[in-house]
1. Let me check I've understood the local charge: for A:Ala593, count other residues with C-beta under 9 angstrom from its C-beta, Lys and Arg +1, Asp and Glu -1. What total comes out?
2. State whether the stretch A:98-173 is rounded, prolate or oblate according to the following rule on the C-alpha gyration tensor (a ≥ b ≥ c being the square roots of its eigenvalues): a/c under 1.5 gives rounded; otherwise a/b larger than b/c gives prolate, and the remaining case gives oblate.
3. Taking the Cα centre of the stretch A:439-527 as origin and charging only Cβ (+1 Lys, Arg; -1 Asp, Glu), how large is the dipole, in debye to the nearest 20?
4. Of the GluC sites (Glu not before Pro) in the stretch A:364-468, which ones lie in a loop per DSSP and count no more than 13 other C-beta atoms within 10 Å?
5. Can you tell me the alpha carbon radius of gyration of the stretch A:83-231 divided by the globular rule-of-thumb value 2.2 N^0.38 Å?
6. Considering only C-alpha atoms, what is the centroid distance from the stretch A:143-172 to the stretch A:44-108, in Å?
7. In whole percent, what relative contact order does the stretch A:131-339 give with Cα contacts below 8 Å and a gap of six or more residues?
8. Could you check how much of the accessible area of chain B is carbon and sulfur, as a whole percent, using a 1.4 Å probe?
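The values are calculated or read from the model by the stated rules, or taken from the named source; none is laboratory data. All values reported here derive from a predicted model rather than from experimental measurement. Note that we place each Cβ from the backbone using ideal geometry, even for glycine, and neighbour counts take in every protein chain shown. To get the accessible areas, we keep the full protein, side chains included, count just its heavy atoms, and leave off ligands, DNA and RNA. Shrake-Rupley method; radii C 1.70, N 1.55, O 1.52, S 1.80 Å.
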Amino acid sequence: MAEYRTHVLVCAGAGCVSSNCKAVEAALQDELEQVGLAEEVKVVETGCIGTCDLGPVMVVYPEGVFYQKLTPDDAREIVNEHFLKGRIVRRLLYKAPQSEELVERAEDMDFFRRQYRIALRNTGVINPEVIEEYIARDGYAALGKVLSEMSQEQVIDEIKKSCLRGRGGAGFPTGLKWEFTYKAPGEEKYVVCNADEGDPGAFMDRSILEGDPHTLIEAMAIAGYAVGARQGFVYVRAEYPLAVERLSMALEQARSYGLLGENIFGTDFSFDIGIRVGAGAFVCGEETALLTSIEGKRGEPRPRPPFPAVKGVFGKPTLLSNVETYANICPIILHGADWFLGIGTEKSKGTKVFAIAGDINNTGLVEVPMGTTLREIVFEIGGGIPHGKRFKAAQTGGPSGGCLTTEHLDIHVDYESLKQVGSMMGSGGLIVMDEDTCMVDIARFFLDFTRDESCGKCTPCRIGTTRMLEILTRITEGKGEEGDIEKLEALAHAIKAGSLCGLGQSAPNPVLSTLHYFRDEYEAHIREKRCPAGHCIALLKFVVDPELCRGCGLCTKVCPVGAISGKRREPHQIDTDLCTKCGACQEKCPFDAISRH
Amino acid sequence: MEAATRGCQCHALRAQDERYKRLGEIIAQYAGQPGALIPVLHHAQEVFGYLPHDVQVLVAEGLDVPLSEVDGVITFYSLFTSEPRGKYKIGICLGTACYVKGAAAVLEELKKQVGVDIGKTSADGLFTLEVTRCVGACGLAPVMTIGDDVYGRLTPEDVAGILDKYIQAEKNGKA
Ligand SMILES: Cc1cc2nc3c(=O)[nH]c(=O)nc-3n(C[C@H](O)[C@H](O)[C@H](O)COP(=O)(O)O)c2cc1C
Ligand code: SF4
Ligand code: SF4
Ligand code: FES
Ligand code: FES
């Protein structure tokens, strides 16, 4: 690759694909041909670089210049200005949200500077469709090391020693799972990867599958060797077609290189991996349900024990881990457990990938050492809240988790600290909410989700979530009654106690957590029929501020029910009896004189 | 809609239908493999657009599983459907990131424009409106998919224009 003077990484992750990065890349290639630079500038299509809402993005090396929000014409301009004349195209640079300064290089952006990438070490850096690029960055070296130098016990000991914990939610020590599966009696064993990524609002696993599929394949092969399995399965959710495509391609390449299949590296270890595609059931992310689904059945959870390590897919001992957990394996093998132990907090070692989304300036994917504060993640890496709004809360753990508030901004995020404040790490989804978010409505949203996704096997989960949703809906519609909060609490405890799997056991968490931190919002809805965040439509009142209104009359024209009246050049009024709360007038008013309370 | 399942010409009709030939191939490819039912249903739904009763019967026979189990699996998983669907499946994401960024308003606009409620197909058979729970493009929230296309950073105002692209394509295709 030495003959190229410049490398351009063009993100082809799912986010950028939907912002039309393919057209940008085509224009880039075409212009390079036209100006005769195709031999000097190499274009590399990568997985998600992390800054999805700035897409399409590209990074130009060796300088590391980061260009964002590109159109095909922008790409042509970059060729002519930057590559031909050596002039950076400043209008396509990233502008830091707080200081409003232009940042030239990716490594100088707060978003990248504060990250520590282990699981994402290759994502956004290599072309995931070219196995040689993976191999050039120590790819398959860990598998080679394991097969040539280490016994099964040594591999398991190294993982145990690293204190790696499961990144799929519960944080169970990974090395112990490997040991249990290894020690479980039986000739036939399986290795399974949970790539169901059910938390709606999280896309870490997707990015690894699409951006660095070989890291998963290599780690599963190492796991297969360690526990004594010949066959692996990756269970991917159906909503991720690009992930399935890239993983299938990577599996083919690995087979053709002899890195999967019979007698890998000429040893007597044989291993292969199959893909299973989900079919839209959140509960299938739960491990026992997932295993049943691989068997081709209804994905209903079953009681544990027996744990998958003893009785998993097809009744055989099975090691089941999350995508990000596997993505940590090869670096641990190559650099050693001691290196890994040097990163993170006392009980949570290594890093965590977060998918930051919601009301935040830099949405995207970030990997930070365990113990990074919420403030750093939200305000420094994430660039804070857009439109000058105030931070209100962040949800971690998805529908099973809870919210963190301003009082938690300085906690050092790890498994223990989040649990202590009533939330959980979960898989890494981090949804930021600004002051306009109604926490009662958010709780209602999560209950709507879990009620929808309950498999229905346990009555408390099925009926209880339905009842809770009814009450929450009533409250947001202004029909809340005294005693509703107590009913919610009673139901929450009944559901937690009477549910078989984690879905039911954790479904009430978003309600309990918002009740704990935002009880006053519930009370305002119930007692005063008021939504403090100004979100719940049924509780809103649209009013004209007479100080600001210039009497232009625009609002009277857009109001579909004729609820607004007033003389020209005089303050107007809204008849609240007629008003249907459509919000049309507020949008139209050029003087921001209409507000909702 | 399921004429092929009734009457005595069904075999003759099926024999002429490429789709049934494909189904036969898929079943043959998976028969005997453990856990084949879900992959086979995925393929079958790709071929037929949905899973009508006669296809379910063929899958059950071909894989040697009880019809009740096939039905049980189809009803359990939300992506399988035994009802025909529109030519384009609209999936409006109601995942957390999209919800926080105002997906509910986009959904309302979609309902208005397509003229149907969630889970239903427009009268012209062009669109089926469905809710998805995160397609992993959360950075672009709110997001919707139409067929294989993904649209991000949506506002209710965008909806009409996007739908129109498909409506126009359909008109031109037919002309
Ligand atoms: C309702 C429910 C949904 C889950 N969804 C996922 C998921 O989408 N991805 C995942 O890795 N783990 C999920 N889990 C956790 C798994 O059951 C399991 O603990 C995990 O995959 C183990 O991998 P790890 O040890 O690497 O974390 C879910 C659990 C429950 C109860
Ligand atoms: S707790 Fe809910 S989702 Fe879990 S097995 Fe019971 S009914 Fe199904
Ligand atoms: S649009 Fe605004 S300024 Fe004009 S009349 Fe209405 S409230 Fe007053
Ligand atoms: S998809 Fe391109 S930056 Fe995430
Ligand atoms: S929440 Fe809508 S794409 Fe993830």
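1. Surrounding charge for A:Ala593 is -2.
2. Cα axes put the stretch A:98-173 in the oblate bin.
3. Numbers: 11 positive and 14 negative charges, 79 e Å.
Rounded to the nearest 20 debye, it is 380 debye.
4. Details: sites: A:Glu367, A:Glu376, A:Glu380, A:Glu407, A:Glu416, A:Glu435, A:Glu453; in loops: A:Glu435.
When the GluC sites (Glu not before Pro) of the stretch A:364-468 are filtered for loop state and at most 13 Cβ neighbours within 10 Å, nothing remains.
5. Working: Rg = 19.9 Å, N = 149, 2.2 N^0.38 = 14.7 Å.
Cα-based Rg divided by the globular estimate yields 1.35.
6. First find each Cα centre; the distance between them is then 38 Å.
7. Details: 387 pairs, mean separation 63.2, N = 209.
Relative contact order here is 30 percent.
8. Numbers: 4390 of 8410 Å².
Here it works out to 52 percent.
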